[in-house]
1. If you build a Gaussian network model of the chain, linking Cα atoms that sit under 10 Å apart, which residue out of LYS24, LYS42, LYS234 swings the most?
2. Compute the acute angle (0 to 90°) between the alpha-carbon long axis of helix 272-282 and the principal axis of greatest extent of the alpha-carbon atoms of the chain; round to the nearest 10°.
3. To the nearest 10 degrees, how steep is helix 186-195 against the longest Cα principal axis of the chain, on a 0 to 90 scale?
4. Rounding to the nearest 10 and keeping the result within 0 to 90°, find how far the Cα-based axis of helix 221-246 lies from the longest principal axis of the chain.
5. Just how large is the dipole of the chain about the Cα centre, in debye to the nearest 20, putting +1 at every Lys and Arg Cβ and -1 at every Asp and Glu Cβ?
6. Connecting C-alpha atoms closer than 10 Å in a GNM of the chain, tell me which of ALA193, ALA144, ALA204 has the biggest fluctuation.
Amino acid sequence: MNNVLAIIGGSGLYSLPELTDVKKIEVDTPFGAPSSPVVEGKIGDTRVLFLARHGEGHVFLPTEVNYRANVFALKQQGATHLLSISAVGSLKEEIVPGDLVVTRQYIDRTKGRPSTFFGDGVVGHVMFADPVCPELSDLVFATATDLQFTVHDNATLVVMEGPAFSTRAESHLHRSFGAELIGMTAMPEAKLAREAELCYGTLALATDYDCWREGEEDVSVDAVVATIRSNVEKSRKMVVALAARVAALSRGCACPVALDTAIITDRDKIPESTRVKLAPIMGRVL
């Protein structure tokens, strides 16, 4: 099967001039509608899918995003690899606004977001010690390096509920965890991608320092907006370069078989309705 690259990020990516055979697909899922239609196209010979995490026009809070529907919809449309592109705050002096960062670990501080496809008569526990696909993450870092972007690797991202930013005390607490980044959207996205057996990775785009830098002027809105615009252009170049390279990935990682030992429920006890509902993402093992 050919690899299909899915991107969850902002709408600025949809204007890629390199994207051909573009069409918009309205998708429904057992978990409701995704944040936006899925935009499908091709870059070279690679099929690419885009989904706007916060909806067209950025209308959903991080808490309001239907993460289950988003991941389900992309898997249903044939995605094998899912790259999350996220704006984040920096918790380290050396990660400067405008830098790219490859995330390898997460600390989940979200509250009450539905975070699993399991339930309704089927119990499962996926391995999540290493929450990103090593093949995809290595490729993202190598691609950013080849494009001569300033990029950092092996970062830990704290995922907070939001929508308010951290208090100064919280920002210092997050730094004490040893984390490099703070954001609001990688969880439960990464957990759901693992359950859907997708190769998942995060390309984080640092837009500002978090409020831990006491004694210094706060970053202005104009400066943040300028950084975001610069990062969108970088992410566009990254997607174009990655599309060509993703095709060559072997999927020799554990991601495509994440469910092999995850499901505990006796198969004959799983309701038929649950089997039907989850067939597009778990049919291989159900």
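1. It is LYS24.
2. 50
3. It is inclined by approximately 30 degrees.
4. It works out to around 40 degrees.
5. 760
6. Ranking ALA193, ALA144, ALA204 by mean-square fluctuation puts ALA144 first.
A short reminder: the numbers here are calculations on the coordinates, not readings from a lab. Remember, it's a predicted structure, so these values are computed and weren't measured experimentally. Neighbour counts run over all protein chains shown; Cβ positions are idealised from the backbone, glycine included.
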